[in-house]
Every structure is written in C-alpha cells, then in structure tokens.
Amino acid sequence: MYSKDQASQLKQAFWTAFGQYMGPVMPADGLRTNWINYKTGVKHIYFKMQADNKLAGIAIEISHPDTELQELFFEQFTTYKALLHNVLQEEWEWQLHTTDEYGKIVSRIYIELNQVSIFQREDWPKLISFFKPRIIALDEFWSNAKYAFEV
C-alpha cells in the first residue's frame, strides 16, 4: 500500500513518462499539443485518460451543466458514431447522463482496460500501449469532426 504522497508521485511519474513518449507524435492538424491534457477547443467536451490501481480508461466526456444541451452534444456525437468507430477500429461504450467521480452529471463515450495498475511500473507498457493509439485516433477523429461542435 502506498501513502498518498507516494501514490501521487507514481501517478505523476507515469503521466510524465507518457507525455515524453508522446512528445514526438504530431497531431493530425500538425500543431503541437499536450496529449495528456488534450484541448478539444470546445467548452464542456474533454478527452480524458485515467488510470488507478484496477483499470485504465479513455473517454470523450461531455460535461455541459445543462443536461438538455449535454444530450444534444451526445446526439451530435451519435451522428459521427460510424466515423469515430472507423477511426478507433473498435467499439466504445456510450453512456448518456451518468455521474463522474464528483457526482456531477456527464455523458461519456469510453473504453476501459481492466486488471492494470498505474502503481505497478511493470504495467506501464500496457497502459502506454492502451492510451497511445486511442488518443492519436481521437485526435484524428476530432480534426475532422470538431467543426460540427463549435458554437
């Protein structure tokens, strides 16, 4: 078991390593990007990568405080579902109006990898192999679809 400080340091070390690993990868639009804190450029739409002691996940998260507008964004994503899955080369889960870790209502399009731990360095290659192609694919998808979401 790790102390809070040790856990925080391990998480930070992983995300730093992942960021360095992704550094040479150019995004679809050719502009530099922060892969770990990916900016979609559209308020309330985020690409999130998370990992803990049991699983890892990557998601498109829609967090608009107005649930009706959140649902409209979600429906808009459904019109791009075929393109998204074609770019990702896999099916993701679609969840309308669930809650996040803070109890806030969000909608998510996501995939998870079970039985990995960010606290086990031997799992880091699995985590990197899970996150890297998916965040690159999300970037490729977003370079084509983002204009439909801009207000």
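Structure data summary
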| item | result |
| --- | --- |
| Filter result for the condition that a residue is at pLDDT 95 or above and within 29 Å of Ser8 (Cα to Cα), over Glu101, Glu93 | Glu93 |
| Matching residues in region 1-26 - criterion: being outside any loop (DSSP other than H, G, I, E, B) and either modelled with pLDDT under 90 or polar (S, T, N, Q) (or both) | Lys4, Asp5, Gln6, Ala7, Ser8, Gln9, Gln12, Thr16, Gln20 |
| Residue, surrounded by the fewest Cβ atoms within 10 Å (Cβ to Cβ), within region 36-76, restricted to residues that are touching a residue at least 40 places away in the same chain (Cβ under 8 Å), in contact with a helix residue (DSSP H, G or I) (Cβ under 7 Å, 6 or more places away or on another chain) and under 26 Å from Lys4 (Cβ atoms) | Met49 |
| Checklist (1) over 29 Å from Arg32 (Cα atoms); (2) touching a helix residue (DSSP H, G or I) at 6+ places or on another chain (Cβ under 8 Å); (3) not β-branched (Val, Ile, Thr) applied to Ala145, failing item | (1) |
| Meets criteria (surrounded by 15 or more Cβ atoms within 10 Å (Cβ to Cβ) and out of contact with any Pro (no Cβ under 8 Å at 6 or more places or on another chain)) for Ala28 | yes |
| Within region 98-111, tally of residues that are under 29 Å from Gln6 (Cβ atoms) and either small (Gly, Ala, Ser) or part of a strand (DSSP E or B) (or both) | 4 |
| Residue within region 77-97 that is of a type in the set (Lys, Arg) and either in a strand (DSSP E or B) or surrounded by 13 or more Cβ atoms within 10 Å (Cβ to Cβ) (or both) present | yes |
| Which listed residue is of a type in the set (Gly, Ala, Ser), over 16 Å from Phe18 (Cβ atoms) and either modelled with pLDDT of 95 or more or outside any strand (DSSP E or B) (or both), from Ser143, Ser117, Ser129 | Ser143 |
| Search result, residues across region 61-104 that are β-branched (Val, Ile, Thr), in contact with a His (Cβ under 8 Å, 6 or more places away or on another chain) and more than 20 Å from Tyr147 (Cβ to Cβ) | Thr67 |
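The values are calculated or read from the model by the stated rules, or taken from the named source; none is laboratory data. Given the structure is predicted, the values throughout are model-derived calculations rather than measurements. Ideal geometry is used to build each Cβ from the backbone, glycine not excepted, and the neighbour counts take in all protein chains shown.
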